[in-house]
Structures are given as C-alpha cells and as structure tokens.
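Colleague: Dropping a structure here in structure tokens format, bear with me for questions.
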Protein chains: 2
Amino acid sequence: MRDVVRAYIEKYQLLTESLPVLVGVSGGADSIALLTFLVESGYSCIAAHCNFHLRGDESMRDEQFTREYAGQLNVPFLKVDFDTRQYAAERHLSIEMAARELRYNWFEEQRLATGAQAIAVAHHRDDSVETLLMNLVRGTGIRGMSGIRPRNGFVVRPLLAVSRADILEWLAGRNLRYVTDSTNESDAYTRNFIRLRVLPLLEELNPSVKTAIARTSEHLAAAEAVYLHVVEEARGRVVEPGDRLSIAALMRYPSPDAILYELLKTYNFTRLVAEAVYLSLTKEPGKVFYSSTHRLIKDRDYLLLSPLVKEEVKEYILTGDEQNWSGPVELSFEKVVIKEDFHIRKDKNIAYFDYDKLTFPLTLRTWKEGDWFIPFGMKGRKKLSDYFSDRKFSRLDKEQTWLLCSGDAVIWVVGERPDNRFCLDKMTKSVLVVHFFPTKSESK
Amino acid sequence: MRDVVRAYIEKYQLLTESLPVLVGVSGGADSIALLTFLVESGYSCIAAHCNFHLRGDESMRDEQFTREYAGQLNVPFLKVDFDTRQYAAERHLSIEMAARELRYNWFEEQRLATGAQAIAVAHHRDDSVETLLMNLVRGTGIRGMSGIRPRNGFVVRPLLAVSRADILEWLAGRNLRYVTDSTNESDAYTRNFIRLRVLPLLEELNPSVKTAIARTSEHLAAAEAVYLHVVEEARGRVVEPGDRLSIAALMRYPSPDAILYELLKTYNFTRLVAEAVYLSLTKEPGKVFYSSTHRLIKDRDYLLLSPLVKEEVKEYILTGDEQNWSGPVELSFEKVVIKEDFHIRKDKNIAYFDYDKLTFPLTLRTWKEGDWFIPFGMKGRKKLSDYFSDRKFSRLDKEQTWLLCSGDAVIWVVGERPDNRFCLDKMTKSVLVVHFFPTKSESK
C-alpha cells in the first residue's frame, strides 16, 4: 500500500512535505489508516473530527476514540459539534447533504485558520467505483463517470489508489483499531446494494473488475478535462455581454448540443430543456424556455437570456402522456393498467394517481395565495401556505415548488406529497405514474 | 415504436427517402423488424443476406426464410456465401471477427454496386447498453462508454432508440415471424450474463436503468466528439513531419497524458506504454520505448518515432510480480495460493503455471530459429516453426507472437498455448496466473 499511495500523491501532486495538512478523521478504518499513513510518511498532520451528534453515545465514543488516537500519534486534535438534524431541517436538506456541507465548510475554516496546505479525506478506490456505478444506474454525464477526483480545490484524497481490502489488510498488519463507521448516507441502501450484490456479480465476469472500472474512470476524467477546456473556450466565444448566446459561434463547435447544455446549466436549465432549445435553433424565432431562474428567448441569431421576474405567471399545460417532459422541472408520465404484479415504490419523486379520477389536460404551476390540498393519508384540507411553513420552506423554496393540478385541484405538491382524493383504491383500474427528476446534485 | 424510430432517424439524419438503402437481414427478429419498418416507412430497400455457413441446415433455413420474406415485401434480395471458418483460420481471426469483417466488406461492396445511400443494420438499445457494460467490466476509455454509434461511415442503425422488448412487441402486434438467431459471438457468454443477470439486478435499483444507461452513453458520445476534435487539432500541432512529436506543443493541452496516448495509438503503442512515455517527459533524454511496429526515443524537446527494424532484438526481463506490465504487449502477473475455491478459466489469454516449477526472472521475447516447446496436453517437443506453420501464421503473425520463457524454456506461446512441463498438477501449491491483454478491437 505504501508505494502505491506515495506514487499516487506524487502523480497528482496532492501534498508537499513543507506545510501541515488537515486530515478529516471520523475514527473509522479508512480515516485511521489515512492519518496513520500520513504521519508515518513524515507529513505534519492535524486531525480534524466532526461530531455530528446523530448516533448518541456512539458519536461520543467515536470522538473519544479519535481524540485518544491523535494523542497517541502526537498529532494536534481539532473537533467541532454540530446539530446536524436542525441544520438539515432549517435548510431543507437531507441529513447526508447537511453533514457534508457542515463538514467541508468547517474543514475549510480550519484549513485557513491553521495555514494547512490541504484537507486530506479518506475516500478509497471502492468508494469511487461504487459512486461511478451508482451514477451510471441513475443516468449521468461524463462528470458522473469520471469517479471521485484525487483533488477538488483544497480537498485531496490520497487513498483513491487503494481498495477497501488493501486498507483493512494494512491496518490488520499493524494491529490498528478503529471504530465502525455507521454512515448516515441516504444512499446507503444503493451503495450497499452495489457493493454487496452488483460488484460480486461483475467479479464473476472479471475478477479485477474494480481495477478495470477505476482505470476507466481515470481515462474518462482525462477526457472530461479536455471536454471542459473546450466548454470554457466556448463560453468565451459564444456568450456575449448581456447574456446573449451567438448561435453561429455555437454551431462551430463539435457536439454543439452538449456545449449548449453546459453553457445553459449556468442559468439553471436542465438537460432536457437544453435539448429542446437546441432543436429550436433551426426553427422560427420567438420560442420561449424557462429554467427555475431564467427565461430564454430563441431569437434569429441569438439566444437571449434574462432573469425571471418573480411574479411572472408560469403555467404549463400537460396532456398526461408526455414520456419525458421538461419545463422548469423534468417529469415523465406513464399510464399503467393494474395487473397482479403492479407494485408501488415508496419514493417521494414518484406519484401514483387513479387515472379515472383525473381531468385532462393537467397543469403545472407554482403556488398562489389560497391554494390548498388534502395531503395523502389525511382527510382535511391543508393550505399550501401552512404546509410550507410546517416544513420550514424558505421564500425561494416556495417559489421553486411546483404543483401538478387537475382542474382546480392540486393533485401533487411535486416531489413532496400527493393529494388524498386522487390516490389509488380498490376500484382503480389504470394508474397515471408520474416521475419527477430533481436536478441531480454533484456526485460525492 | 414508429414515432421513436422516425424521430431518431431525423435527429441523426440517418436516411433520406430519395435513394435506396441496403438493409442487412439475417432473418432474426431485429433485422426482420428493421426491414419491415423501413419498407413501411416508404424507404426503397434492398435486403442483403450473408450466409456464413456456420450452422449447417439452420444457415440454409435462415437464407430461405429471408429470401421468401423479401419476396413477400417486393424487395430485391442479395445474398452471398462465405466459408467463414476458412477465412478465420487463414487470417488468424476469431469466428466472430471473421464474420464481422466478411459481412461489412460485402455490404460495402454491395452499397457501391447498387448506389445505396447507406447500409442499415439492426442493432437496438439493449445491444448498446450491453456493449457499454461489457466494455466497462473489461476496462475501457471514453470510446467504449459511448455505446454503439447511430452512424459509422455508411453504416446506420435506426433501431438504436428502441429496446429488444419494443421490437418483439411490435413484431407480435403484426404477427410477423422470424428465425431464431443463434449468434456465433465469442463474447456470447459475457453478453448473456450481462443481459440475464447483471441488468435485472440493476433494474432492482432503477427500473429504467437501460434508459438511464442509454442516455448516459449519448451524453458521453457528445463529450467524445468534443474530445476527438481536440485530439485531431493536437495531431496537427504536435506531430511534426518525420514523426517527431513536440513536447512543448503537447504540454499546452489539457490532459496531455491522454492526448499523448491518442497520438501514439496511431503507432500501435498501448495505453500503458504511453503512460510510461508520459512519465519520462520530465526526465533525462535517451529513454526508448517500443510498440509492435515502432520505436520511440525520448529526446530533449521531441519524441522521435521510427518504424521497427524487424531484426531488432527484443527481450524483456520480468520478475513475475508485475501487476500490470506493458511493453509491446500488456501482461499482468498474480501469485495465487491454491485453496478450495481455486478454479481455472478456460481462456487462451490466461495461463496458469506451477509457481515452484519456474525459474525467475522470466523473459519475454520473440521467436527465434530453433525454439521449441511441449504444447499443453502433449508429451513431445514441438518446434515453434512447425507450430506456426500448422496454424498458418503469416510472417507478420510470427513476428508479433511473444514467448514467455523461464530460463531457456518457452513456458507460454502468449495468447496461444502454454507448455506442458510447467502446468498445474496435484502437488501444486502456488500458481502464477498470467493474463495477456490483446489490443482491444473496437466495440461492436
């Protein structure tokens, strides 16, 4: 392991020996190995531990363990306490996202305060391979296929070249203890499924499949760097002052559709809307597209962008048989006749409606004063304004929440909760299944 | 299906209605659907059938069926007979490669003879998704992750937007018959494994996983086009007359390591050798690297390439613990202690040797007059020159065949056959497993 990690640090120039390095240490196997390895290799380390207070006594035990181990190594120990649940609730984040945000913000503060050269974290090759497969299963672009990066700003990952097994073996070889790191990742189910079921199956085809995927991700990361270089060049040539995109300049690039998506992403357009914009380029001027923050008008030679005025009425008509619909959000609709094997997935991004209870076309619009619905599983009306304030929605959250309506009735607070009146019952014959695709957050 | 395929043909401008199109028809479900669809959509089609004579009566039945069906549709029918086995043997190709070469060469001849605009073949979305996963499991680059192309020269694939299930449903809806297409793919095992075991498992995570992967491959194909555009630009700026590569010009690109690999690939350098060349750029001049056809010298400001003189002695020393070794060929070595679950894969690119029968270091070299070995499973010596002529090796084949040697003994004609003296027996405790990675052919 030693030589591999050293070569990796050198290859990506992750660390120099002259300045201290802040090491994120949870107390789990990976981070204990990372800290030990860096100390033994002569780097001047500072251990940084976040107590997220998510697991009661266990959280305290981990802090205590990490503090003692840092003491044993003669390494300065920094720690912080977070009320992760409250932070998540206030900002309407998943626990996982909240913990990540808290962790990296605090690491960065500590890096500045201590004058450390970098923040070293303990992701290893299996994390990267699993992340790539998770992204592939969900659908992704080149970014999601290039694995976890060795360096991202000041965050460096020296262990990416070694596997989980390598790390455990290395720890066992020196009798090092660690705590068992029960993560709070919301995607833990998917990650475990990939780790325990998908990868072993792929190993039947190729015993070195993890190496093969890790290598693939390195190749794609290199291709991605080339791609992003062209995107940045295009940004300089295509985007003119006043947020005008020159269609002629765009069309000089290879894959102008992909380049257009990258440029429009800055204005919060989704990929599907960007594809629709691209198809409009050869058509008559005048067509208008929306993102959550911007309006785009297809003019003769330019795409004209302007920030959305908040009061602008935004209402879309939907026939309910759009396979992939994309306005400010992405939705897909599917009509399914109930058979024996019909089953419902518990996922707040999927809603199931009794087809025969709906009036078509449907509409999709933002909230307005006086809106109400009957939340699924409840009997009484609930004002949207109350629902929002119960859920501690910010003004922006409210503006960005979409309502799917049938006639005057709100049938789904999209991505949140369906209305009880339109749900399936014993008489239901056909179901309208609506998928909502939230804008994907960057991979781990 | 109709609208999806039409939209796909339009999106990639695969076909126009003004000129005839040659349609490859095996008689299987996919190609019967393709031919029927194109005829019904008003394209002027010519059915082209290859009889590879690999399955006796079944081959004749398929030809007969296809001929009759073309007649029913009033479509001209062209066919050809191939002695596929002989062609494969003569050219030292797998049956699958031979059939592919024969098929596409003949299609191209017929396209020219008939004045057809394109050659339409029946690959569908599942083929593309399976190919992507097969490449990922083996390890690949951006090319292998961008799926099967809608257009490759004159070959077009209008059905890539629809799934196998879509096609079967469409055929069933019109009571169309087809023959069952028992393929001769050497990778049929892997493809079936992916189709029947891996994909259903991934569908537990995401029921639309095939759509997700297909969409991912489209995004990667767009990124690849951008990447290849930069590679071609770099070829113009980095490669100077006389096959000199300017190091300074190379280093101005993002991911110069990836660009270097792309440029050196033209001279048959493998990725691993290209990586070694890249690492040498910052070192002293003078280092020499080989591909199967070229020598590269790292000079001060340039990489100097020259064709290999055939008589040049090429011999490499190997310690037998190289994880990934790469000279003119790529090899990996692994020492395995035999346990109960040890099993041998029948693959001519993997050789298993009794570790204790070997003398280290090993050497890798090309053939010279007088070489002999005892082919696995046999008792007597066989001269390499006889082995080669039995196998109808060309002069070039012989020059490109590598021998792994222990002391004076040839232990493996790499990728061909190991020596019987070094094989495993009941006393074997440890095994040296050697993998040979032949240069990968382009994906289907």
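The values are calculated or read from the model by the stated rules, or taken from the named source; none is laboratory data. None of the values given here were measured: they were computed from a predicted structure. For neighbour counting, all protein chains shown are included, and Cβ atoms are generated from backbone atoms with ideal geometry for every residue, glycine included. For the accessible areas, the whole protein counts, side chains as well, though only heavy atoms, and no ligand, DNA or RNA atoms are used. Shrake-Rupley method; radii C 1.70, N 1.55, O 1.52, S 1.80 Å.
Colleague: Scan region B:329-345 and report the pairs whose first residue is closer than 30 Å to B:Y267 by Cα and whose second residue is of a type in the set (G, A, S) and part of a loop (DSSP other than H, G, I, E, B), with Cβ atoms within less than 6 Å and a gap of 6+ or a chain change.
Modeller: Final answer for the pair search is B:F333/B:G320.
Colleague: Residues of region B:296-325 being β-branched (V, I, T), open to solvent by 90 Å² or more (accessible area, probe 1.4 Å) and assigned to a loop (DSSP other than H, G, I, E, B), which ones?
Modeller: B:V313
Colleague: Within region B:378-385, identify whether any single residue is crowded, with 19+ Cβ neighbours inside 10 Å, closer than 20 Å to B:D321 by Cα and either in the same structural domain as B:I350 (by TED's automatic domain parsing) or basic (K, R) (or both), and answer yes or no.
Modeller: no
Colleague: Suppose the filter is under 22 Å from B:T401 (Cα atoms) and assigned by TED's automatic domain parsing to the domain that holds B:A258; does B:L296 pass it?
Modeller: In short, yes.
Colleague: Checking A:K335 against (1) more than 18 Å from A:F436 (Cα to Cα); (2) of a type in the set (K, R); (3) in contact with a Ser or Thr (Cβ under 8 Å, 6 or more places away or on another chain), only one condition comes out false. Which one?
Modeller: Checking A:K335 against (1) more than 18 Å from A:F436 (Cα to Cα); (2) of a type in the set (K, R); (3) in contact with a Ser or Thr (Cβ under 8 Å, 6 or more places away or on another chain), the one that fails is (1).
Colleague: Another question, if that's okay. Among the candidates A:E63, A:E58, A:E68, which residue alone is closer than 20 Å to A:Y178 by Cβ, in a helix (DSSP H, G or I) and in contact with a Gly (Cβ under 8 Å, 6 or more places away or on another chain)?
Modeller: Result: A:E63 is the single residue among A:E63, A:E58, A:E68 that is closer than 20 Å to A:Y178 by Cβ, in a helix (DSSP H, G or I) and in contact with a Gly (Cβ under 8 Å, 6 or more places away or on another chain).
Colleague: Of all residues in region B:196-214, how many are facing another protein chain (nearest Cβ under 7 Å), over 17 Å from A:V433 (Cβ atoms) and crowded, with 18+ Cβ neighbours inside 10 Å?
Modeller: Result for region B:196-214: 4.
Colleague: Tell me the helices (runs of 4 or more DSSP H) entirely within region B:143-231 that contain at least 2 residues that are closer than 30 Å to B:E58 by Cα.
Modeller: B:164-173, B:188-193
Colleague: Restrict the check to region B:397-415 and report whether at least one residue is of a type in the set (F, W, Y) and farther than 17 Å from B:A351 by Cβ.
Modeller: No, region B:397-415 has no match at all.
Colleague: Condition check: of a type in the set (G, A, S), surrounded by 17 or more Cβ atoms within 10 Å (Cβ to Cβ), away from chain B (no Cβ under 14 Å) and outside any loop (DSSP other than H, G, I, E, B). Does A:A122 satisfy that?
Modeller: Answer is no for this residue.
Colleague: Just one of the numbered conditions (1) more than 14 Å from every other protein chain (Cβ to nearest Cβ); (2) at positive phi; (3) not aliphatic (A, V, I, L, M) is not true of B:S255; which one?
Modeller: (1)
Colleague: Quick check: is even one residue across region A:279-295 assigned to a helix (DSSP H, G or I) and open to solvent by 30 Å² or more (accessible area, probe 1.4 Å)?
Modeller: yes
Colleague: While we're looking at this one, here's another question. Considering only region A:258-278, state which residues are under 14 Å from A:R235 (Cα atoms), open to solvent by 60 Å² or more (accessible area, probe 1.4 Å) and within 14 Å of another protein chain (Cβ to nearest Cβ).
Modeller: Within region A:258-278, A:K265 is the sole residue that qualifies.
Colleague: Got a number for residues in region A:326-353 being open to solvent by 40 Å² or more (accessible area, probe 1.4 Å) and part of a strand (DSSP E or B)?
Modeller: 3
Colleague: Quick test for you: out of B:A223, B:A234, pick the one residue that is facing another protein chain (nearest Cβ under 10 Å), more than 21 Å from the chain's Cα centre (by Cα), over 27 Å from A:V129 (Cβ atoms) and open to solvent by less than 20 Å² (accessible area, probe 1.4 Å).
Modeller: The unique qualifying residue is B:A234.
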